[in-house]
Amino acid sequence: MASAEKHLGNVGGISVTGRMEDEIIGAQQTTTYTLSITNTDATDGDLTDVKVAVKMIGGKVHPPHVKIPLLERGETEHRVFLVHNTTDDVVVEYSLQNQISYAEEVHDFAPFTRP
């Protein structure tokens, strides 16, 4: 199955791109979803304790969130999540919600959707 990559936005000096390994998720199957998080020009320069959260309606994401201890200006970190289709049907339409928080601020990015 083909993979897909989408730029999810640039909010608060953080740019995020999502990449789904398999766009269609078979019944009770798991695929990988990678977020590339770049500190393009956050107002505080280097960021600490960045929390990245991903949610999917009708499925499970493991882990539901991860932390990046330090994200320096200009640096990109990649975080991999496992997306599990908990149904007995092939999933061809879904939405992964992406949220990043740091310095006690929460930033919502565009969802990674299919189709």
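The values are calculated or read from the model by the stated rules, or taken from the named source; none is laboratory data. Quick caveat: nothing in here was measured; it's all calculated off a predicted structure. Positions of Cβ are generated from backbone atoms using ideal geometry, with glycine treated the same way; all protein chains shown enter the neighbour counts.
Is it true that Leu96 is of a type in the set (A, V, I, L, M) and without any contact (Cβ under 8 Å) to a residue 60 or more places away in the chain? Here the answer is no, as Leu96 does not meet what is asked.
Can you confirm whether Arg19 is assigned to a strand (DSSP E or B), free of Cβ contacts under 8 Å to residues at least 40 places away in the same chain and either under 14 Å from the mean Cα position of the chain (by Cα) or surrounded by 12 or more Cβ atoms within 10 Å (Cβ to Cβ) (or both)? Here the answer is yes, as Arg19 does meet what is asked. Annotation: of all residues in region 51-73 being over 24 Å from Glu105 (Cβ atoms) and outside any strand (DSSP E or B), the one that is modelled with the lowest pLDDT is Gly58.
Residues considered: Thr48, Thr87, Thr76, Thr43. Of these, the only one that is modelled with pLDDT of 95 or more and among the hydroxyl-bearing types (Ser, Thr, Tyr) is Thr76.
The set of residues in region 22-55 that are free of Cβ contacts under 8 Å to residues at least 24 places away in the same chain and in contact with a His (Cβ under 7 Å, 6 or more places away or on another chain) is empty. State which residue is surrounded by the fewest Cβ atoms within 10 Å (Cβ to Cβ) when the search covers only region 22-46 and only residues that are more than 27 Å from Tyr102 (Cα to Cα) and among the hydrophobic types (A, V, I, L, M, F, W, C). Once the filter is applied, the top-ranked residue is Ala27.
If the condition is being out of contact with any Gly (no Cβ under 7 Å at 6 or more places or on another chain) and closer than 21 Å to Asp108 by Cβ, then region 35-50 contributes Ser36, Ile37, Thr38, Asp44, Leu47, Thr48, Asp49, Val50.
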